[in-house]
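Okay, so here's the structure we're looking at.
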Amino acid sequence: MKNIPLTLLLFIGLSTIGFAQEDLTVIQSHWVNFTDGPNALYKHQSQQALEMLEKREKAISSITSLNEWKDWQANAKDKLMKVVGPFPEKTPLNPKVTGKHKGDGYKLENIVFESQPGFYVSGTLFIPDGVKGKTPTIIYCSGHTPLAYRAPTYQHVILNLVKKGFIVFGFDPVGQGERLEYFDHETNKDLVGGPTKQHSYPGAQAFVVGSSEARHMIWDGIRVVDYLMTRKEVDPERIGITGRSGGGTQSSQIAAFDERINASAPENYITNFKRLMLTHGPQDAEQNFYHAIAEGLDHSDLMIVRAPKPNLLISTTRDMFNIEGVRETSKEVQRIYDAYGVSENFQKIEDDDGHASTKKNRERMYAFFRKHLDLPGSVVDQDIDTLSMEILQVSPTGQLVTSYNGKTTYDLNKAELQELNGSLEEKVAWAKKLSGYQKPEILSETMMVGRFQRDGYTIEKHLMKGEGDYWLPYLLMKPDQATDKAVLYLDPSGKALDAGVGGDMEALVKAGAMVLAPDLLNTGEMGNGGFRGDANFDGHSYNLWFESILIGRSIVGIDAGDANRLVAVLQEKEGAREIKGLAKGEMSSVLLHAANFNTAISSIALIDPMSSYRGIVESFKYNTSEINYTVAGALKHYDLPDLLENLSITNPLVLHENTELKKEHSLLPERGGNEKSKPFP
């Protein structure tokens, strides 16, 4: 970064030339009241989730009549559509049979169709020998395995159902089987790390643009039902759905949104949000609906909305989807079936095992479909010879993208981008709402824990009570000569990186300003907690971000609130009258939100900032470190350049590394060429 005259800009970009020997760590290892800072973000989000869920529990516990249950069902259906929909219009499926095979007692057809124009779905239809007339049919949804329904575990269940006389359709979820999206086109090997990441990488883009991975995947399932309706062998009145793990997720979601499914038996997924938050935490993208917990939804609602249609809840006691949550959900769902007078239409089965399929559970599932799809017969789980991958290969290359030049969810997400209309005032209002920002109402408690004297200034170590039950560590540099000027210094790498002797922060303090540098949640001493999740990219946990989406409180919004608490500390405790903000990299998103919500920040400087949320959605490969600094749903209403433009009267500085400040580096949108990003006077 080229130097800019300090007297003109106040901010300067010197390279660090050395560090003092002081220990700038604020929280000491034996301070047990503060040492769990790295887990503070997860705990703070979970606490808010638990409070929301408690309100839901009180409301649903008060239901005493069938009419009240019907009202709950109607509201739950509306909420589900709100947090997932709207779905695309139905377009021609254009199905093709790409191959056939005769098996032992059945035949199969490999099939490809378009759930949306150019968005291909691959699957296999298994048809028992001797089928006459309309036959009950089961949709099989696959869990998180690269092979999808071709995996031996899933073939075992599919072929057992076929041997028992059911037609079965197994299909590939996006990012699995022949529907990989991030993969080597020569070897067909995935490039992002397995199914959960194949879902979450584009799933993050979907959330930012105001859609979701769940929406795409549920729609695929609905279109599977549409396809089955075109088959003369399929009885449209006797359609079931099942699947385990990620297939449990899909089957429970699809069944909740498609009333044509008569009987549903999700396995190893349904628990409740309370127990999920207390144990393994939110999982990959499609398992999270936008603001689901904030809207008063829980796992049980996926089954409640189906009553009085048959549901079977399949579980294991040592599953990562907690058994206590399964039992609590079961009791809740049973109540609506009792109210309808069809108690037997809801069943629960559990076995003692981990995240696994067991013979006991499989045989109960066979019996469930035998009864509710009216196909009596044996429920014995049989030994099965599984089929080769060659037999079950649907497309010529083994991948739809390369076989048919098909679209990916990236393409669908990008197509959702729209021109953002409205005034800057309206966009800032949307930013405040969507980010979940909460204005600090009281001055936060602080605690000083140490100080060092340096040449011409001191560096103090402090803690500040944050929005929740946590304390944020920060450094406060003060010139020896008193000043009422201050800089709030935000760095995604933490407060200490630029705090060394000869560093950027020293340059600012020697120019006559106090400098306050915090570790906000998930950074520095408050980062690298125990929760990683199944969608962790290069150390950046998307699962923490998914949790924020469930509760409608973005990490950016929480951080912006804490940033403004620190501004209040500078004002009320340090006597600052002119406060400017400086943010590096991804922290620019936090500062842009904070400064738009707080006029006490007189101007800002953004060093090598995130340029926009739109850029993430437009890029097939994007910077994973930026996701936690985005706001889900933002691109329906605002983007970072709008927030910067709203601050243009304060002359914000935008500087990119290794470049001089030039107008083409501005984040500001073009508005007739009149507004420019300007340096500080």
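Where a number appears in this text, it was derived from the coordinates with a stated rule and is not lab data. Nothing here was measured: the structure is a model prediction, and the numbers come from that model. Using ideal geometry, Cβ is built from the backbone for each residue, glycine included, and neighbour counts are taken over all protein chains shown.
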> So what's the gap between the Cα centers of the range 92-151 and the range 296-352, to the nearest angstrom?
Replying inline: 29
> So how strong a dipole does the range 422-665 carry about its Cα centre when Lys and Arg Cβ are +1 and Asp and Glu Cβ are -1, to the nearest 20 debye?
Replying inline: 280
> Over the range 316-459, what relative contact order in percent results from Cα pairs under 8 Å that are six or more residues apart?
Replying inline: 14
> Going down the table (Lys70/Lys348; Lys79/Lys414; Lys102/Lys232; Lys70/Lys163), which pairs top 27 Å between alpha carbons?
Replying inline: Lys70/Lys163
> Over the range 422-665, what relative contact order in percent results from Cα pairs under 8 Å that are six or more residues apart?
Replying inline: 22
>> Just to confirm the number: angle between the C-alpha axis of helix 542-551 and the first principal axis of the chain, 0 to 90 degrees, nearest 10?
In response: 80
>> Can you list residues from other chains, or at least 5 along the same chain, whose modelled amide H is less than 5 Å from the amide H of Val234?
In response: Thr135
>> Among [x] 52, 27, 21; [y] 47, 31, 24; [z] 41, 36, 26, only one was calculated for this model; which label is it, if the read-out is semi-axes √(5λ) of the Cα gyration tensor in Å?
In response: [x]
>> Sort 48-60, 279-291 by the packing proxy (mean of other Cβ within 10 Å over each peptide's residues), most packed first.
In response: 279-291, 48-60
> Residue farthest toward the positive end of the dipole of the chain, with Cβ of Lys/Arg at +1 and Asp/Glu at -1: which of Val157, Thr271, Leu476?
Replying inline: Val157
>> Can you tell me which lysines have their Cα less than 29 Å from the Cα of Lys478? Leave out same-chain residues fewer than eight positions away.
In response: Lys2, Lys439, Lys461, Lys465, Lys495, Lys510, Lys573, Lys580, Lys584, Lys678
> What nm distance separates the two modelled labels at Asp338 and Ser378, each placed 7 Å from Cα along Cα→Cβ?
Replying inline: 3.8
>> Quick check on the range 422-665: of the DSSP beta bridges with both residues there, what percent are antiparallel, nearest 5%?
In response: 55
>> How many angstrom lie between the Cα centre of the range 592-640 and the Cα centre of the range 513-581?
In response: 14
>> Could you derive backbone 3J(HN,Hα) for the range 226-240 from the dihedral phi with the Karplus parameters 6.51, -1.76 and 1.60 (θ = phi - 60°), listing whole Hz in sequence and x where the residue is Gly or Pro?
In response: 4, 5, 4, 5, 8, 8, 5, 6, 8, 8, x, 8, 10, 10, x
> Working out 0.36 nm times the residue gap between Thr599 and Leu278, then minus their Cα-Cα distance, what length gain in nm do you get to one decimal?
Replying inline: 111.7 nm
> Listing Val654, Val379 from the residue with the fewest other Cβ atoms within 10 Å to the one with the most, what is the order?
Replying inline: Val379, Val654
> So what is the orientation-averaged projected area of the range 422-665, using the convex hull of its C-alpha atoms, in nm²?
Replying inline: 13.6
>> So if each residue of separation counts as 0.36 nm, and I subtract the Cα-Cα distance between Met229 and Asn67, what length gain in nm does that give?
In response: 55.0 nm
>> Quick check on packing: order 410-419, 198-207 by the mean number of other C-beta atoms within 10 Å, highest mean leading.
In response: 198-207, 410-419
> Between the helical axis of 66-84 and the dominant principal axis of the chain, each derived from Cα atoms, what acute angle in degrees is found, rounded to the nearest 10?
Replying inline: 60
> How high is the relative contact order of the chain, given as a whole-number percent (alpha carbon pairs under 8 Å, six or more residues apart)?
Replying inline: 17
> Taking 0.36 nm per intervening residue step and subtracting the Cα-Cα distance, what contour gain separates Glu578 from Glu259 on full extension?
Replying inline: 108.8 nm
> How large is ³J(HN,Hα) for each residue in the range 428-445, as worked out from phi by the Karplus curve 6.51 cos²θ - 1.76 cosθ + 1.60 (θ = phi - 60°), to whole Hz, x for Gly and Pro?
Replying inline: 5, 4, 5, 4, 5, 5, 5, 6, x, 4, 10, 5, x, 9, 10, 6, 6, 5
> Given the rule -39500 (n - 2.57) for each run of at least 4 DSSP H residues, summed and divided by the residues of the chain, what is its mean residue ellipticity at 222 nm, to the nearest 500 deg cm²/dmol?
Replying inline: -10000 deg cm²/dmol
> Got a sec? How would Glu181, Glu233 order by Cβ neighbour count within 10 Å, fewest to most?
Replying inline: Glu233, Glu181
